[in-house]
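**Q** Submitted below is the structure of interest, expressed as structure tokens.
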Amino acid sequence: MKDNEKKLSDFIDCLNNEKKPDMETDSEELKELFDVARKIKSLKEPIMPNHDFPNKIIQNLKNEQVAPRKSRKKKTWIGALVSIAAIILIAVFMNFVNPSTVHIVNAMEKSFKKIEAYHGILEVKSKSESGEDQVQTVIDVWVDQHDNYYLEVLEGSYKGLKTISDGEKVWQLPIDENVINVFPIFTETYEFIFDLRKEIEDVKNAKEIEIVDEEQIAGRDTYVLEVTPKGGLTYTLWIDKETNLPLKKESALYNAIQYTTMYKEISIEDAIPERLLAIDTSKGFKEVDLAGNEFVEIIEEDVDEWNPDFVVEVNMEIEKAEQIAADSGSSPWKLDPIYVAQVFVSLQISPEGIVGEYPVQYEELELVKNDGVQAVIEVNNNVTDITKVYLEKLIRQDETGIWTVVGYDK
Amino acid sequence: MNGEEFKSVEDICKHTWKPLYRYIYYKVQNQEETEDITQETYAKSLGYPKFKEIEPNKCIAFFKTVALNIIKDRWRQNKSRGTNIDIASIAPIENAVEDLSDITNEQLLIKSSLEQLNEDQGKVIELRILKGFSVSETANLLGKSEGNIRVLQYRALKNLATIMKKGGLL
């Protein structure tokens, strides 16, 4: 019995690690339990292979054709030889679609620097796994090089909402008092989505970029790029061949939803019209403290050197999964170091789980250091003997990176 | 194989690999085996002499059927000595093509099966399989020993097997 318990546990570990499990057993009961474990795991989204997987398949089929049959023993599909062949194939393809990705990234940066401002109509669509499309929002977007922007929601649940930023402060003209300062389902009210500068930065900092196709969208010729960010899911980006600017972005399918963000229209402008940036508080404009701003606040104070008394062991696989979840809009609190610390300290007090209110209040935690990558939170609460919590952005070191507790003091 | 033929194989793969991969993954639930079986499915299917007679809109159904047979054969043999599918025997296409509604219904039944577990067992399954925690992490989170977690997960899956059998899932 104990042996079967271990075998079942090992089987689950293999599935969790996306490895082929050892299923060798004479026990019919155990075989049945393997099947049950698989069924439970099927509630999760599948882990998709690397973007070059279809190329590997094709290359292997080609190799199959040329390899003498008797030389083939056990089929080891993803071996060193295949990798080399796939690299060659990709290299050949990339030469064919000249210019190279490096050239495109440079061209994107150069082109963007020349732009004073741009105006576009941005459409965000979601697609379910069954292929059902739904327009989430349409936004009128004006952005300039001085970090000013004007966003007006034209369609969607926040229709009429206007957001204006002068690069430091943000004002909103709400459609409803309750809309402001709540964490919305969709991002248009607290984060400017598909900011070209940010998209170009993301491509520049990506772990991997590959030109996979050429396509015409909205009457424009584009390069299709597959971008794999550091610690995130691969997404697709369409770059206008003429302007070298991103036009469309398609996220990976996650939690059975895929988002497509696209500029249906875009034009280069000299400036944002002044009337759009005018803040008229008598009309209801309010300065807002958007959650995202709070997250990236940089605080440098004299704190002890980074030397926690206790180190918290981190499972990077779980963190990667959490980052992916946060990227797709789940668990936005993971982007807030104070909230992450609050959950951590609360769980130290109540390891069996938190029921009702947190034993440590958000207000009892003070952010004393935040350089954007590392943060220290001071705990001012008598219920716990934890005095400081140390956090780091382990997966991605920008404003989209999640915070992880790596240590604490008592 | 000349260039023209290879181009068509390329097209077939590029247009069908995603649904095929997802179908196989749904069955085997790990990336390594899925990639392996996807590759093997193409090799066997495209090597089938009558493959060209299959209508393009039925290609994916054919691939899924071949994949399902490879999976069954592997699990039956349960060894690493490869598979031996008689490709001719699997045409015409079997009912391997579960549509999304079938999968959704099955998932609803699985969720409802999970809800019938007691709290401890449900929590262990959630942490171990749905959240992917290791035995030691699960033990820490639940304040139990690792041995206890293994026993709990074994019993939970046994209970689930009984529930699923009643619900026609197994």
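**Q** Would you report the distance distribution of C-alpha pairs in the range A:2-41 as whole percents per 5 angstrom bin, up to the bin with the largest distance?
**A** 6, 25, 40, 23, 6
**Q** Now, a different point. Given a Förster distance of 25 Å, report the FRET efficiency between B:Phe51 and B:Asp73 from their Cβ-Cβ distance, rounded to the nearest 0.05. Spell out each step's value before the answer.
**A** Values: r = 19 Å, r/R0 = 0.77.
Computed FRET efficiency for B:Phe51 and B:Asp73: 0.85.
**Q** OK, next. Go from 0 up to the bin containing the longest alpha carbon distance in the range B:100-166, width 5 Å each, and give me the % of pairs per bin.
**A** P(r) over the range B:100-166, rounded to whole percents: 4, 18, 27, 22, 15, 9, 4, 2, 0.
**Q** Here is a further query. How large is the accessible surface per residue of the range B:100-166, computed with a 1.4 Å probe and reported in Å² as a whole number? The partial results should precede the final answer.
**A** Working: 3460 Å² over 67 residues.
Per residue, the range B:100-166 has 52 Å² of solvent-accessible surface.
**Q** Ordering B:Ser8, B:Ser113 by accessible area with a probe of 1.4 Å, largest first, what comes out?
**A** Largest accessible area first, the list is B:Ser8, B:Ser113.
**Q** May I pose another question? Starting from one equal scatterer on each C-alpha and no solvent at all, send me the Debye-based log10 I(q)/I(0) for the range A:310-409 at q = 0.13, 0.15, 0.16, 0.17 Å⁻¹, two decimals.
**A** Relative scattering, expressed as log10 I(q)/I(0), comes to -0.42, -0.56, -0.64, -0.73.
**Q** Another question, if that's okay. Which entries of A:Lys125/A:Lys320; A:Lys204/B:Lys58; B:Lys50/B:Lys165 show an alpha-carbon separation above 32 angstrom in the structure shown?
**A** Too far apart for the 32 Å limit: A:Lys204/B:Lys58; B:Lys50/B:Lys165.
**Q** Accessible area per residue of the range A:310-409 at 1.4 Å probe, in Å²?
**A** About 44 Å² of surface per residue is accessible.
**Q** Pull up all non-local amide H partners of A:Leu161: gap of 5 or more, or a different chain, and H-to-H distance under 5 Å with H placed in the peptide plane.
**A** For A:Leu161, the qualifying residues are A:Val153.
**Q** Here is a follow-up. How would A:Ser126, B:Ser145 line up by accessible area, probe 1.4 Å, largest first?
**A** Sorted by accessible area, descending: B:Ser145, A:Ser126.
**Q** Could you run the Karplus curve 6.51 cos²θ - 1.76 cosθ + 1.60 with θ = phi - 60° over the range A:382-395 and give me ³J(HN,Hα) per residue in whole Hz, x for Gly and Pro?
**A** Coupling constants for the range A:382-395: 7, 5, 10, 8, 6, 9, 9, 10, 9, 10, 9, 8, 8, 8 Hz.
**Q** Keeping all protein chains in the complex and leaving out DNA, RNA and ligands, what accessible area do you get for A:Glu116 with a 1.4 Å probe, in Å² to the nearest 10?
**A** 90 Å²
**Q** Please list the non-local residues whose amide H lies under 5 Å from the amide H of A:Val212, H modeled 1.01 Å from N, same-chain partners needing a gap of 5 or more.
**A** Those qualifying (amide H under 5 Å, at least 5 residues apart or on another chain) are A:Val224, A:Leu225, A:Glu226.
**Q** In addition: To the nearest hundred square angstrom, how large is the accessible surface buried between A and B, total for both chains, probe 1.4 angstrom?
**A** On the way: alone 23920 and 11450 Å², together 29800 Å².
Roughly 5600 Å².
**Q** Follow-up question, since we're still on this one. Using a simple charge model, +1 on the beta-carbon of Lys and Arg, -1 on the beta-carbon of Asp and Glu, nothing else, what dipole does the range A:310-409 show about its Cα centre, in debye to the nearest 20?
**A** 160 debye
**Q** Name the residues of the range B:124-164, by number, that are at least 50 Å² less accessible with every protein chain in place than in the isolated chain; the surface is that of heavy atoms, probe 1.4 Å, without ligands or nucleic acids.
**A** Hits at the 50 Å² cut-off: B:Arg128, B:Ile129, B:Leu130, B:Arg150, B:Tyr154, B:Leu157.
**Q** Still on this structure: Ignoring ligands, DNA and RNA, what accessible area per residue does the range A:2-41 give at 1.4 Å, in Å²?
**A** On the way: 1860 Å² over 40 residues.
Counting only protein heavy atoms, the per-residue value for the range A:2-41 is 46 Å².
**Q** Within 9 Å, Cβ to Cβ, of A:Leu237, how many net charges do the neighbouring residues add up to if Lys/Arg are +1 and Asp/Glu are -1?
**A** Local charge sum for A:Leu237: -2.
**Q** Could you give the length gained by full extension between B:Lys166 and B:Ser136, i.e. 0.36 nm per residue of separation minus their alpha carbon distance, to one decimal place?
**A** 7.6 nm
**Q** Could you put A:Thr281, A:Thr387, A:Thr261 in order of accessible surface area, largest first, with the 1.4 Å probe and the full protein assembly present?
**A** A:Thr281, A:Thr387, A:Thr261
The values are calculated or read from the model by the stated rules, or taken from the named source; none is laboratory data. These numbers were taken from a predicted model, which means no experiment stands behind them. All Cβ positions, glycine included, derive from the backbone under ideal geometry; neighbour counts span all protein chains shown. The accessibility values were calculated without ligands, DNA or RNA, using every heavy atom of the protein model including side chains. Shrake-Rupley method; radii C 1.70, N 1.55, O 1.52, S 1.80 Å.
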